[in-house]
1. Looking only at the stretch 50-76, count every residue that is surrounded by 13 or more Cβ atoms within 10 Å (Cβ to Cβ) and of a type in the set (Lys, Arg) and tell me the total.
2. Residue check, Tyr97 against (1) open to solvent by 10 Å² or more (accessible area, probe 1.4 Å); (2) in contact with a His (Cβ under 7 Å, 6 or more places away or on another chain); (3) not β-branched (Val, Ile, Thr), all met but one. Which one?
3. Restricting attention to the stretch 141-164, report how many residues are open to solvent by 40 Å² or more (accessible area, probe 1.4 Å) and either over 16 Å from the mean Cα position of the chain (by Cα) or touching a residue at least 60 places away in the same chain (Cβ under 8 Å) (or both).
4. Would you point out which residue out of Val103, Val115 is touching a residue at least 12 places away in the same chain (Cβ under 8 Å), under 17 Å from Glu138 (Cβ atoms) and open to solvent by 40 Å² or more (accessible area, probe 1.4 Å)?
5. Is there any pair linking a residue in the stretch 165-189 that is in contact (Cβ under 8 Å) with a residue 12 or more places away in the chain to one that is open to solvent by 60 Å² or more (accessible area, probe 1.4 Å) and not in a helix (DSSP H, G or I), with Cβ under 6 Å and at least six apart or on different chains, and which?
6. Could you grab me the full set of residues in the stretch 116-139 that are among the β-branched types (Val, Ile, Thr) and at pLDDT 95 or above?
7. Being touching a helix residue (DSSP H, G or I) at 6+ places or on another chain (Cβ under 9 Å) and over 26 Å from Lys185 (Cβ atoms) narrows it down to one residue among Lys77, Lys57; which is it?
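The values are calculated or read from the model by the stated rules, or taken from the named source; none is laboratory data. None of these values were measured; they are calculated from a predicted model. Cβ placement follows ideal geometry from the backbone for every residue including glycine, while neighbour counts extend to all protein chains displayed. The area values use the complete protein model at the heavy-atom level, side chains included, leaving out ligands, DNA and RNA. Shrake-Rupley method; radii C 1.70, N 1.55, O 1.52, S 1.80 Å.
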Amino acid sequence: VTVFMSWGKYFPAFNDFQRKHIPGKEIYDILFVGSASPFNAEGIKNFIRHCLPAIRKAIPGVRLAIAGEVSNIASVKALKNDSIVYLGRVENLTHTYAASKVVVSPIVSGAGMKVKNIEAFSHGMPLVATSFSMDGIEGTDGVNCIITDDNSSFSAAVLKLLTDNAHRAKISKNAYLLARSMYSKSTAAVSYNTIINNDFTYRPELMPSENTSTTIQKTFAQRRTKALIYSSDADYLISYKLALAE
């Protein structure tokens, strides 16, 4: 998914398949999805070291599934224990989400919108995430996700979702409604059309500085749109067609 960000405003990613989560068929308690990005590796290793022990103590048979190439990274596999299932690259993540109770996004560094969170919402998954991981994504702590940066609080949030079925069902329902209202293909298309139909000529000399008056900044925002591309294809797009990137 290509994610755009205008000057001062985010344009949403979207997930084309919106699936309600149906409880009762899960085989994994916790799910983390990620590429081989070092930021994903850093996040899940921190979770395994500092959050999982407390969760295992409370629920001895808890199962953490790690999906995607991040599960093939040596330093991540080195932390293996009886609770962790390394799934590797998954053919159909929809099935993996359906087989999981809670999704975690313990990311604390990196760049760009964390599309994994949008994907989790679109499957109606209860999500526990760091505030950094939610940067640029609509989400209200305690309503459609849980947002916390403290390891102890992160563990407690996961435990509450795993042990309180009503709480998990509420967060799941609200996550799905959020995805339908803000991150569906049709919703994103409205924002994308706004960008596409505007003038994309990028003139650095027109960019206001941080010290520019609020009035001038507002005038600039009304007059010109700047778009940035955040995706795994960005490097390819820039090298292939610089004009498009600009």
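1. Within the stretch 50-76, residues that are surrounded by 13 or more Cβ atoms within 10 Å (Cβ to Cβ) and of a type in the set (Lys, Arg) number 2.
2. With respect to (1) open to solvent by 10 Å² or more (accessible area, probe 1.4 Å); (2) in contact with a His (Cβ under 7 Å, 6 or more places away or on another chain); (3) not β-branched (Val, Ile, Thr), Tyr97 is out only on (1).
3. 9
4. Val115
5. Filtered contacts from the stretch 165-189: Asn174/Val143; Tyr176/Lys20; Met182/Glu138; Lys185/Asp16.
6. Within the stretch 116-139, Val128, Thr130 qualify.
7. Testing whether each residue is touching a helix residue (DSSP H, G or I) at 6+ places or on another chain (Cβ under 9 Å) and over 26 Å from Lys185 (Cβ atoms) leaves just Lys77.
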